[in-house]
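These notes concern the structure reproduced below.
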Amino acid sequence: QVQLVESGGGLVQAGGSLRLSCAASVSLFSINNMAWYRQAPGKQRELVGSITNVGSTIVANSVKGRFTISRDNAKNTMYLQMNSLKPEDTAVYYCKAVLKGFTDWGQGTQVTVSS
């Protein structure tokens, strides 16, 4: 349905920042909801935050005040701006898109925060 490609992950020291991107193969206007998830080793995948096709956002309490989700409709890209990173933010970050009842996932991008 939708091809999603994440980028922007890497290694950063605690307190640093990263911006993840999720490029979609279709117009974001056609996607009902997009979201960022993360999965740390040995843990379940968890919701980081989401954004609707009208721009409404929510973020998890664990990242509130540090992470921001946005989208650039002209570039068909969703972003996750991550500030004040902590070692516990280390995980593989995935983007998800829901289009006409179907869910698609990206391949993930690794974020590692060193203490």
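Mind listing whichever residues of the stretch 56-96 are among the hydrophobic types (A, V, I, L, M, F, W, C), within 24 Å of residue 42 (Cα to Cα) and touching a residue at least 12 places away in the same chain (Cβ under 8 Å)?
Hits for the stretch 56-96 are 60, 63, 67, 80, 82, 85, 91, 92, 95.
So, in the stretch 58-68, how many residues would count as being surrounded by 15 or more Cβ atoms within 10 Å (Cβ to Cβ) and more than 18 Å from residue 113 (Cα to Cα)?
2
Tell me, which residue of the stretch 15-43 that is over 13 Å from residue 79 (Cβ atoms) and among the aromatic types (Phe, Trp, Tyr) is most open to solvent (accessible area, probe 1.4 Å)?
29
Evaluate the following for residue 98: is it out of contact with any strand residue (DSSP E or B) (no Cβ under 6 Å at 6 or more places or on another chain), within 23 Å of residue 1 (Cβ to Cβ), modelled with pLDDT under 95 and surrounded by 13 or more Cβ atoms within 10 Å (Cβ to Cβ)?
Spelling it out, it is not the case that residue 98 is out of contact with any strand residue (DSSP E or B) (no Cβ under 6 Å at 6 or more places or on another chain), within 23 Å of residue 1 (Cβ to Cβ), modelled with pLDDT under 95 and surrounded by 13 or more Cβ atoms within 10 Å (Cβ to Cβ).
Across the stretch 72-88, what is the total count of residues that are within 12 Å of the chain's Cα centre (by Cα) and either open to solvent by less than 30 Å² (accessible area, probe 1.4 Å) or modelled with pLDDT under 95 (or both)?
Of the residues in the stretch 72-88, 5 are within 12 Å of the chain's Cα centre (by Cα) and either open to solvent by less than 30 Å² (accessible area, probe 1.4 Å) or modelled with pLDDT under 95 (or both).
Within the bounds of the stretch 44-52, is there any residue that is surrounded by 13 or more Cβ atoms within 10 Å (Cβ to Cβ), of a type in the set (Lys, Arg), assigned to a loop (DSSP other than H, G, I, E, B) and without any contact (Cβ under 8 Å) to a residue 60 or more places away in the chain?
yes
The values are calculated or read from the model by the stated rules, or taken from the named source; none is laboratory data. No experiment lies behind these values; they were computed from the predicted model shown. Quick reminder, even Gly has a Cβ in these numbers, built from the backbone with ideal geometry, and neighbours come from all protein chains shown. Each accessible area value is taken on the protein alone, full model and side chains, heavy atoms only, with ligands, DNA and RNA left out. Shrake-Rupley method; radii C 1.70, N 1.55, O 1.52, S 1.80 Å.
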